[in-house]
Structure formats: structure tokens, C-alpha cells
Amino acid sequence: MTDRSYCLGEIASALGAELQGDPDVRVSGLATLQAAGPGQISFLANPSYAKYLADTHASAVIASPVTAKGAPTNVLLLDNPYLGYARLSHWFDPAPVASPGVHPTAVIDPSATLADDACIGPNVVVEAEADIGEKAVIGAGSIIGARTRIGARTVIRPRVTLAHDVVVGQRCHILSGAVIGSDGFGFANEKGVWHRIAQLGRVVLGDDVEVGANTTIDRGALDDTVIGNGVKLDNLIQIAHNVCIGDHSAMAAMVGIAGSTRIGRHCVFGGASGVAGHLEIGDQVHLTGMTLVTGDIREPGVYSSGTSADTNRQWRKNAVRFRQLDALARRIKELEKKSEGRGRST
């Protein structure tokens, strides 16, 4: 919890919202419509939660002009209430603020370069010729590999591993357990025996990239693996070697992208979706959850695969039907040919 409080007039001005109510009312926290009490501010972004608005005890609600009707409290009007909530959430973030300096247990190679106002936590290892930018934060137990560069104001949470020659842009946020720049899955086969291929490329992250907990991004085999500006990656994602992801794309948890696939800008991939290797995915492609892509997608739009959950009894029946589809299609073609033959004979 925080001990900060703000008046509604101050909040409305910062968010660019129109305030309907008392600008001197103070709030000291955020909560849902159902849980909020006096002194807290809530938001209504999803219309399905509008049923809770009339009974909320929040001191204020962020809402759109359409959904705010009937609100029993002060209202901050925004066309995009969810964005307003996102911006305001940082005002009440209880996460500790890191202080500049190097913890005495950190191991810093003499050839590494650290900005004076960077924060290096306990048991951090910074290897030879690494470069850490202004106001960057390196969490406890993280490893920064040789010649790796980290941009200004980037936050590396505890226990992150950045291998050698990784490039991380400015204002990035990398969560605990992430491994960036590990070797890609590259092997040559000779007579049933696998021979390891050295991975010579890098991983390059643009500015404002977020990488979730335990997500892995492999270094390139020859060329670099590239993650564009503003890309958001959830937890437990695997990005293979030489993948390129365009600016401002977002991927939910457990997505897997196989090697050398190129993904466009402003794409959104639902949880557990997968993309095979060496494919081209265009801009503004949206994959719904658990979609499997095995071919190029050139046109923007929403794509899906797989089937929804059903009772086991019904699913087993459908599974049998799936296996019969090819034979059924062949029978239909034969019937069509016979029908066409009879039509010509008459």
C-alpha cells in the first residue's frame, strides 16, 4: 500500500479528463467497482461491469461519456477509460523505488561501463565490456553478459540472464527468470548423430519492450533475433533464433515462435498460439488463443484454428468424423462427376 493521496482536480488535469463532481475530493488508491470504498477511485472500461456502477462506493469513477450515466459518485470522463486507469495505476504503485549505486556483493568487471545513476542490486554479475545506461536498474542475482548494452531507464528484475552481446533499448522492462540471448536450437544431423551449430548472432531489443517472467529469446544463428520497439511479451513465451517481431506487437502467455519467422507490426497473438518456422506474418494479424500457423499470412485480420472444449462424449464422436472427412470429400467428388455425366447424357 502507499500513503499517497491526490485530489480529483489534479488527476483530471493529468489525464486530460472532464471532471463531473468535486475537484477537492481526495483519493489514495485504486479498486474495482465492487470493492472500492470511500477514498478510492475505480474505472469502468468493460460494459459487462456496468451493472456494478450504481452500487459502487468509490469516491470517483473513470468512465466514458456513454457508460458514466447513472454513476452515484464523481466521474472523470475519458473516451478510453482503460488507458486512464493504466496511467493512473503508476501513481499508486507500491513497488520499491531503486536508489542509484552498486551493492557491495555485486561483481563488476573493471572493463564494464556503468552510468553514475544506475542501480546494481545484490549478487549481480556484470561481465567484461558491458554497458549499462542512465537510471537503469539491475535486480538482484541478474547476470549481464560480456559486451551487452542496456539502455537508459530500463528495468531488469531479479534473476534475469542476458547473455553476451545482447542489446536492450531504452525504457525496457524485463521480468524475473527471463533468459535473453541463449543459444538457439541449431544442430546438423549426420547418420543419426546431432552436431551442435555455434550461434553467432545477437538479440536486439528496441525501446519500450516488455519481456515477461520466464520468457526466453534465443540469439540468432548468423543474423540477429530482433524484437521491435514497443513489443510486449507475456510470461513463458519462446522466441527462437533469427525471429523478427515488428513494432508494437503483443503476445500472450505460452506463445511459441519457431526459427527465422518474421512477424509484422501491431500483431496480437493469443495465449498458447504457435507459429512454425521460416514463415512471413504480415502487419495487424490477430491470432486467437491456441491458433497454430503453418503457412504465411499476408493479409491483416483475425485468424483461428483448433476446436473449442466440449463434453468428452461429443468430442470423441467429432474426432471420428474428422478422420472420415477425406473419404467423405472423395465420395462427394465421385457423386458430382456421376451427376455431371448423367447431365451431359440427357
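Within the stretch 128-171, the residues that satisfy the criterion of being at positive phi and basic (Lys, Arg) are Lys135, Arg147, Arg153, Arg159, Arg171.
If the condition is being more than 25 Å from the chain's Cα centre (by Cα), outside any loop (DSSP other than H, G, I, E, B) and within 13 Å of Val168 (Cα to Cα), then the stretch 113-145 contributes only Asp131. Against the condition among the polar types (S, T, N, Q), modelled with pLDDT of 95 or more and farther than 16 Å from Asn242 by Cα, how does Ser176 come out, does it pass? Against the criterion (among the polar types (S, T, N, Q), modelled with pLDDT of 95 or more and farther than 16 Å from Asn242 by Cα), Ser176 qualifies. In the set Ala327, Ala319, Ala276, only one residue is within 27 Å of Glu210 (Cα to Cα) and out of contact with any helix residue (DSSP H, G or I) (no Cβ under 9 Å at 6 or more places or on another chain); that residue is Ala276.
Yes/no per residue for (1) aromatic (Phe, Trp, Tyr); (2) open to solvent by 50 Å² or more (accessible area, probe 1.4 Å); (3) outside any loop (DSSP other than H, G, I, E, B):
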| position | (1), (2), (3) |
| --- | --- |
| Val75 | no, no, yes |
| Asp79 | no, yes, no |
| Leu83 | no, yes, yes |
| Ser89 | no, no, yes |
| Pro94 | no, yes, no |
| Arg147 | no, yes, no |
| Ala152 | no, no, no |
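How many of the residues in the stretch 49-73 are in a loop (DSSP other than H, G, I, E, B) and either open to solvent by 80 Å² or more (accessible area, probe 1.4 Å) or at positive phi (or both)? Total satisfying the criteria: 5.
Could you please tell me which pairs satisfy a Cβ distance under 7 Å, a separation of 6+ or placement on different chains, a first residue in the stretch 239-263 that is under 20 Å from Asp223 (Cα atoms), and a second residue that is among the basic types (Lys, Arg) and part of a strand (DSSP E or B)? Matching pairs, first to second residue: Cys244/Arg262. Filtering the stretch 273-289 to residues that are in contact with a strand residue (DSSP E or B) (Cβ under 8 Å, 6 or more places away or on another chain) and either surrounded by fewer than 20 Cβ atoms within 10 Å (Cβ to Cβ) or at pLDDT below 95 (or both) leaves Gly274, Ala276, Leu279, Glu280, Gly282, Gln284, His286, Thr288. For Leu19, the test of being touching an Asp or Glu at 6+ places or on another chain (Cβ under 6 Å) and not small (Gly, Ala, Ser) is failed. For the stretch 214-226, state whether one or more residues are closer than 19 Å to His173 by Cα, touching a residue at least 12 places away in the same chain (Cβ under 8 Å), surrounded by fewer than 17 Cβ atoms within 10 Å (Cβ to Cβ) and touching a Leu at 6+ places or on another chain (Cβ under 6 Å). Checking the stretch 214-226: at least one residue is closer than 19 Å to His173 by Cα, touching a residue at least 12 places away in the same chain (Cβ under 8 Å), surrounded by fewer than 17 Cβ atoms within 10 Å (Cβ to Cβ) and touching a Leu at 6+ places or on another chain (Cβ under 6 Å). Answer yes or no as to whether Gln324 is closer than 30 Å to Leu222 by Cα and open to solvent by 80 Å² or more (accessible area, probe 1.4 Å). Taking the combined requirement at face value, the residue does not satisfy it. Between Gly201, Gly230, Gly181, Gly271, which is among the small types (Gly, Ala, Ser) and in a strand (DSSP E or B)? Sole residue among the options that is among the small types (Gly, Ala, Ser) and in a strand (DSSP E or B): Gly181.
When the stretch 300-321 is filtered for residues that are closer than 30 Å to Ala258 by Cα and surrounded by fewer than 10 Cβ atoms within 10 Å (Cβ to Cβ), the ones remaining, listed by number, are Gly301, Ser308, Ala309. Within the stretch 32-47, the set of residues being among the small types (Gly, Ala, Ser), open to solvent by 20 Å² or more (accessible area, probe 1.4 Å) and under 20 Å from Leu83 (Cα atoms) comprises just one member, Ala45.
The values are calculated or read from the model by the stated rules, or taken from the named source; none is laboratory data. Please read all numbers here as calculations on a predicted model, not as lab measurements. Ideal geometry is used to build each Cβ from the backbone, glycine not excepted, and the neighbour counts take in all protein chains shown. The protein model used for the area step is the full one, side chains on, heavy atoms only, and it has no ligands, DNA or RNA in it. Shrake-Rupley method; radii C 1.70, N 1.55, O 1.52, S 1.80 Å.
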